[in-house]
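The values are calculated or read from the model by the stated rules, or taken from the named source; none is laboratory data. What you see is a predicted model, and the numbers here were worked out from it, not measured in a lab. Every residue, glycine among them, receives a Cβ derived from its backbone with ideal geometry; neighbour counts consider all protein chains shown.
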Amino acid sequence: MSAYLLVLTVHSWMRWAALALGTAATIRAFRPGVEAAGREGRSRWDTFFMLAVDLQVLLGLALYFGLSPTTTAGMNDLHAALHTPVLRFWTFVHILSMFGAAGLVRVGRIMAMLAPTADARRLRRGLAFAAALVVMAAAIPWPGTAAGRPLFRGW
């Protein structure tokens, strides 16, 4: 198996971990009374969600800047990338959206740590994580879309 296929497969399967952890962290953030004392704006679920998103970004950057023939083609011909829906998705939309989602996760954690009350911490984390999940879901190449990919690569 080539490095491209290996990284692409891991990246594809890790999306499910990131989405599941994001869902768990978001649900936990909106549940009252679950915040441990002395852990202002943080939980294990938040940390695992952030780690999964960071790993996805790392794998995505490896694909984007060298391994993927699609993004290489898009970056080599930006005019074609802008005018071809599949190239535009992979060259611009996917990476910018996922960076935005990763930023929302980080901002949510930081804003929660700066919040004055437990309720404000939960609300800030919950809203930021929910927004990150929406952005992630919108930028995933779902089957049936122009840039669609299989739900479970390798099966």
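Evaluated against (1) modelled with pLDDT under 95; (2) within 30 Å of Leu82 (Cα to Cα), Asp46 falls short on exactly one condition, (2). The condition of being among the hydrophobic types (A, V, I, L, M, F, W, C) and either under 19 Å from Leu21 (Cβ atoms) or at pLDDT 95 or above (or both) holds for only one of Ala131, Ala118, that being Ala131. Regarding segment 38-49, can at least one residue be identified that is farther than 16 Å from Leu19 by Cα, assigned to a helix (DSSP H, G or I) and among the aromatic types (Phe, Trp, Tyr)? Scanning segment 38-49 turns up no residue that is farther than 16 Å from Leu19 by Cα, assigned to a helix (DSSP H, G or I) and among the aromatic types (Phe, Trp, Tyr). Check off (1) surrounded by fewer than 19 Cβ atoms within 10 Å (Cβ to Cβ); (2) out of contact with any helix residue (DSSP H, G or I) (no Cβ under 8 Å at 6 or more places or on another chain) for Ala138 and give me the number that stays unchecked. Of (1) surrounded by fewer than 19 Cβ atoms within 10 Å (Cβ to Cβ); (2) out of contact with any helix residue (DSSP H, G or I) (no Cβ under 8 Å at 6 or more places or on another chain), only one is false for Ala138: (2).
Scanning segment 54-77 for residues that are loosely packed, with under 13 Cβ neighbours inside 10 Å and farther than 30 Å from Arg109 by Cα yields Gly66, Pro69, Asn76.
Among residues of segment 12-24 that are charged (D, E, K, R) and modelled with pLDDT of 95 or more, those with a Cβ under 7 angstrom from a residue that is surrounded by fewer than 21 Cβ atoms within 10 Å (Cβ to Cβ) and outside any helix (DSSP H, G or I), sequence gap 6+ or separate chain, pair up as Arg15/Ile140. Of the numbered criteria (1) hydrophobic (A, V, I, L, M, F, W, C); (2) surrounded by 20 or more Cβ atoms within 10 Å (Cβ to Cβ); (3) in contact with a helix residue (DSSP H, G or I) (Cβ under 6 Å, 6 or more places away or on another chain), the one Phe89 fails is (3).
Can you confirm whether segment 76-89 contains a residue that is among the polar types (S, T, N, Q), out of contact with any Cys (no Cβ under 8 Å at 6 or more places or on another chain) and touching a residue at least 40 places away in the same chain (Cβ under 8 Å)?
No; the residues of segment 76-89 include none that is among the polar types (S, T, N, Q), out of contact with any Cys (no Cβ under 8 Å at 6 or more places or on another chain) and touching a residue at least 40 places away in the same chain (Cβ under 8 Å).
Those helices (runs of 4 or more DSSP H) of segment 68-155 in which at least 3 residues are basic (Lys, Arg), considering only elements entirely within it, cover 118-139.
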